[in-house]
Amino acid sequence: MREITDGIPKCLLPVAGIPIFWYPLNLLSRHNITDVILVTSTKTLAEVRSLLHHDKLPNFVGPLNIDVVGTDLDDTGAVLDSLKDKIRNTSRMSEGIKMRALSRHPMRWTSKLPAVGENVVRTSRSV
């Protein structure tokens, strides 16, 4: 992936013409999470802020109050420590595009993916 991300940061990579950072934000809005701290590098801070106010991005499903923060820290723990005054609720956190629900309500899923070679059984059921 290095050859792709040398020219463009991962959070700005387009998927179906939309920067990848938009998708987890939209997922959070779909689950009635309204206050979000979006952490990005200081190099991409201005561009991410600009894109969030861009008319060409789709609207989020629900309302979002997004506080975009730039940092040069690489360690997740150090980033969280630097944001301790801003974080009011740690029941739901997202790291990149991996989502983890620590609270059982309203989301009841985890980000556990099958190991390489593990069979995946998909089922569907009618309601």
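Derivation of every value follows stated rules applied to the coordinates shown; laboratory data play no part. No experiment lies behind these values; they were computed from the predicted model shown. Cβ coordinates were reconstructed from backbone atoms using ideal geometry, including for glycine residues, and neighbour counts include every protein chain displayed.
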**Complete:** Among trypsin sites (Lys or Arg not before Pro) in the stretch 31-62, those in a DSSP loop whose Cβ has at most 14 other Cβ atoms within 10 Å are Lys43, Lys56
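For His31, His53, what's the fewest-to-most ordering of other Cβ within 10 Å of each Cβ? Walk me through the numbers before you get to the answer.
Working: His31 15, His53 7.
Least to most surrounded, the residues fall as His53, His31.
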**Item:** Inter-label distance for Asn65 and Tyr23, nm, one decimal - labels placed 7 Å from Cα along Cα-to-Cβ
**Value:** 2.8 nm
**Message:** Run the simple label-point estimate for His53 and Ser82 please: 7 Å along Cα→C-beta, distance reported in nm.
**Reply:** 2.3 nm
**Descending Cα extents along the principal axes, the stretch 2-101, whole Å** = 34, 31, 22
**Item:** Ranking of Glu47, Glu3 by count of other Cβ atoms within 10 Å, fewest first
**Value:** Glu3, Glu47
**Item:** Separation in nanometres of the label points that stand 7 Å from Cα toward Cβ, at Ile8 and Arg30
**Value:** 2.3 nm
